[in-house]
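I have placed the structure first, in the form of structure tokens, so that the comments after it can refer back to it.
The values are calculated or read from the model by the stated rules, or taken from the named source; none is laboratory data. Note that the structure is predicted; figures quoted are calculated from it, not measured. Using ideal geometry, Cβ is built from the backbone for each residue, glycine included, and neighbour counts are taken over all protein chains shown. Protein only, heavy atoms only, side chains kept; ligands, DNA and RNA dropped before computing areas. Shrake-Rupley method; radii C 1.70, N 1.55, O 1.52, S 1.80 Å.
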Amino acid sequence: MRFEFAAGAALTLVLATAAASAHDHAALRGRLVFADHEKPVVRVLDLDSGEVTHSFDVPKPNPSFASAEGGRFIVIKTGDEAGTVRFLDSGLRYESHGDHVDVDKGPVRLLDFAVKGDRPAHVVSRHGQIALFFDGDRPWERKSEPRAVLIDIKSLDGTPASETWPSPAPQHGIAIPLGRRQWLMSVPNAAYAKGEDRSASSRPDGFEILERSKGWKRLASFNDPARTDASCKLFHGYAESNGRHVFGCNDGADGGVLVLARGVSGRWNARKIAYPDERRVSAIKARTGARYAVANYGLKGPYNALLRIDPAAALLSASDILPVPGGQPACQFDLDAGGNRLANLTPDGKLRVYEIAPAWRELAAFDAVPTFDCQYGAKSATPSLGIIGNSAFVSDPANGRIREFHLDTLKQGLDMPVGGMPANLAGGGDAG
């Protein structure tokens, strides 16, 4: 199943995929928030009228996005020199009625509230909180303030409430809300923190579980390099799958996926699942309640395969690996709402839809955009993929359009002209 369309970008979206069954009134679809590759603006597309209804100025073109838990608020990493992070209220509120979800479309506004810091990076939202991690600068370049800023989502309706956890040293780190006033914080790589070895990686090697109500008391540590089941060398890639926290660690004999979970007693435990071969993961996607997470898989480059991860499994095998056709980079991928189907947008311009289990199986392929370069730092506009519910959206900056593909019916949906060069997307999840 193939459809011809055109060219590349990135977008960020907020969308309600309301069920149409047994509904006595028309189900609203919601709004889509997207950036522009050339202009320093963030715009809002109404998916019911097909019109761009709002535009907000930002410091630079093509900022990156992440969606806060609940989907109403969008976190905007503006990309300016001050490391400014802004917050957009999409105005969308959701009410479940069992067989469908009603969408209320309130006012859209860019909040006056902003957070600034040195090198904003990972954004994670769980348990009513948003965690912004500011990596800090390389220790040999200048003194900086690496930290995590923790924001209460409900407070964004009025006076925003936040607090700061100071990182012991610069790191490409992560902060994860765990509930019960508990937080997972990454631990800096000691060699990088000292600043003496400029070849040392900024990636952390382990984590600590801290309790805020007890003055950041350490409850557990998973930062022992002598134990493969209690460390995660060169960490990169995180997702939560079915209550288990999954982290991508280094390749090699001591590498694999680290899985952290809370036991019945409330204590945290960890175990390592080895990779099927010499490769490693770098980015991980998962959906709430789903059995599987999916990651890109490779060495330094390209990451030209996808890896299915069952966090409860004893091992990963060759059957969990899906090679990307033509040996291409996996580029952009994400899961549907149930975590059962995966969409993958590759440099050949194709959007492929896969069934994940019981075995990898291609269900459809669309000629969504022309060929493009998805390597980091590419100067040309890169198309983006974002999934909300059972709809995949792909932006087309060359033609100023945003297109929808249904992952359940495997048919094309909306094809909307928005003008400009529609760009970066959050897709309703956390951002790296």
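Would you call residue 393 in contact (Cβ under 8 Å) with a residue 40 or more places away in the chain, out of contact with any helix residue (DSSP H, G or I) (no Cβ under 7 Å at 6 or more places or on another chain), more than 16 Å from residue 44 (Cα to Cα) and among the aromatic types (Phe, Trp, Tyr)?
No, not satisfied.
Of all residues in the stretch 358-404, count the ones that are aromatic (Phe, Trp, Tyr) and under 20 Å from the mean Cα position of the chain (by Cα).
Of the residues in the stretch 358-404, 2 are aromatic (Phe, Trp, Tyr) and under 20 Å from the mean Cα position of the chain (by Cα).
When only residues in the stretch 178-197 that are among the small types (Gly, Ala, Ser) and under 23 Å from the mean Cα position of the chain (by Cα) count, which is modelled with the lowest pLDDT?
Checking each candidate, the answer is 179.
Any chance you could count how many residues in the stretch 243-255 are more than 19 Å from residue 310 (Cα to Cα) and touching a Leu at 6+ places or on another chain (Cβ under 8 Å)?
Count: 0.
Looking at (1) at pLDDT below 95; (2) more than 21 Å from the chain's Cα centre (by Cα), which is the one condition that is false for residue 72?
Tallying (1) at pLDDT below 95; (2) more than 21 Å from the chain's Cα centre (by Cα), residue 72 fails exactly one: (2).
Given (1) among the charged types (D, E, K, R); (2) under 18 Å from residue 298 (Cα atoms); (3) in a loop (DSSP other than H, G, I, E, B), identify the lone condition not met by residue 334.
Result: residue 334 fails condition (3) only.
If you take the residues in the stretch 105-124 that are over 28 Å from residue 143 (Cα atoms), part of a strand (DSSP E or B) and at pLDDT 95 or above, which one is most open to solvent (accessible area, probe 1.4 Å)?
112
Which one of these is part of a strand (DSSP E or B) and more than 22 Å from the chain's Cα centre (by Cα): 102, 137?
Only one candidate passes the filter, namely 102.
Go through the stretch 356-412 and count every residue that is in a strand (DSSP E or B), open to solvent by less than 30 Å² (accessible area, probe 1.4 Å) and not β-branched (Val, Ile, Thr).
The number of residues fulfilling the criteria is 14.
Can you find, within the stretch 222-231, the residue that is modelled with the lowest pLDDT among those that are of a type outside the set (D, E, K, R) and open to solvent by less than 60 Å² (accessible area, probe 1.4 Å)?
The qualifying residue modelled with the lowest pLDDT is 230.
Give the residues of the stretch 62-80 that are outside any strand (DSSP E or B), touching a residue at least 24 places away in the same chain (Cβ under 8 Å) and open to solvent by less than 40 Å² (accessible area, probe 1.4 Å), sorted by residue number.
Within the stretch 62-80, 63, 68, 71, 72 meet the criteria.
Okay, residues lined up against (1) aliphatic (A, V, I, L, M); (2) in contact (Cβ under 8 Å) with a residue 60 or more places away in the chain; (3) under 21 Å from residue 122 (Cα atoms):
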position	(1), (2), (3)
300	no, no, yes
305	yes, no, no
317	no, no, no
320	no, no, no
324	yes, no, no
330	yes, no, yes
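Is it true that residue 343 is closer than 20 Å to residue 34 by Cα, in contact with a Phe, Trp or Tyr (Cβ under 7 Å, 6 or more places away or on another chain) and not polar (S, T, N, Q)?
For residue 343, the condition - closer than 20 Å to residue 34 by Cα, in contact with a Phe, Trp or Tyr (Cβ under 7 Å, 6 or more places away or on another chain) and not polar (S, T, N, Q) - is met.
It is to be established whether one or more residues within the stretch 256-266 are touching a Leu at 6+ places or on another chain (Cβ under 6 Å) and either at pLDDT 95 or above or of a type in the set (Gly, Ala, Ser) (or both).
no
Residues being more than 18 Å from the chain's Cα centre (by Cα), among the polar types (S, T, N, Q) and open to solvent by 50 Å² or more (accessible area, probe 1.4 Å): count how many of those fall in the stretch 232-288.
2
Counting just the residues of the stretch 38-61 that are at pLDDT below 95 and not in a strand (DSSP E or B), which one comes out most open to solvent (accessible area, probe 1.4 Å)?
That would be 51.
Among the residues of the stretch 339-355, write down those that are among the polar types (S, T, N, Q), in a loop (DSSP other than H, G, I, E, B) and open to solvent by less than 10 Å² (accessible area, probe 1.4 Å).
346
Give the number of residues within the stretch 322-337 that are among the charged types (D, E, K, R) and open to solvent by 40 Å² or more (accessible area, probe 1.4 Å).
The number of residues fulfilling the criteria is 0.
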